[in-house]
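In what follows, a structure is listed as structure tokens, so that the remarks can point back to it.
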Amino acid sequence: MEAVPPGRDPGQEWSFESSLIRPYSLTGGRTRPSRSDLSMTSQVVAVPSVSQEQMDPEVELILSLCARPVSVAEVASRSGFPLGVVRILLADLLDQGYVMVHTSDWERRRPDAGTLRSVLERIRQL
């Protein structure tokens, strides 16, 4: 399913590269999301909202892609936006209550980077 931003011809492929909007303008110059709990595999889903607040077309596109649970990486792929931009915009939407994140059991239990480095170091010593 190819997503098309509002106001664009459905037959015309959406490409971030062909857009005149630069990534830093979408994120307000930010290069990091406000949250650290959004990994590439995190599942995000839009919260049904009764608010008819006017949003940027890029945000509307992301929300439409999140109608069903979808990974952060998949949102980036389908929207054509860089992964870093999507993570920042999704973090904003999460902070505003427009999306929810479903974290898998694996993500909750996976070892931290320090533990993984320690294991690799011990393996090298063998």
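Please treat every number below as a calculation from the coordinates, not as lab data. Just so you know, these numbers come straight off a predicted model, no measurement behind them. All Cβ positions, even for glycine, are placed from backbone atoms using ideal geometry, and neighbour counts span all protein chains on display.
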- Message: Through the Karplus equation 6.51 cos²θ - 1.76 cosθ + 1.60, θ set to phi - 60°, convert the phi angles of segment 61-76 into ³J(HN,Hα) values in whole Hz; use x for Gly and Pro.
- Response: 4, 4, 5, 5, 5, 9, 4, 10, x, 8, 6, 4, 4, 5, 4, 5
- Counting other C-beta atoms within 10 Å, which of Leu93, Leu83, Leu61 has the fewest, and how do the rest follow? Leu83, Leu93, Leu61
- Message: Using 0.36 nm times the number of residues separating Val45 and Glu121, minus their current alpha carbon distance, what extension gain do you get?
- Response: 23.5 nm
- Item | Ser118, Ser71 arranged by Cβ crowding within 10 Å, fewest neighbours leading | Ser118, Ser71
- Query: How many nm separate the modelled label positions at Ala113 and Ser36, each set 7 Å beyond the Cα in the direction of the Cβ?
  - Reply: 0.9
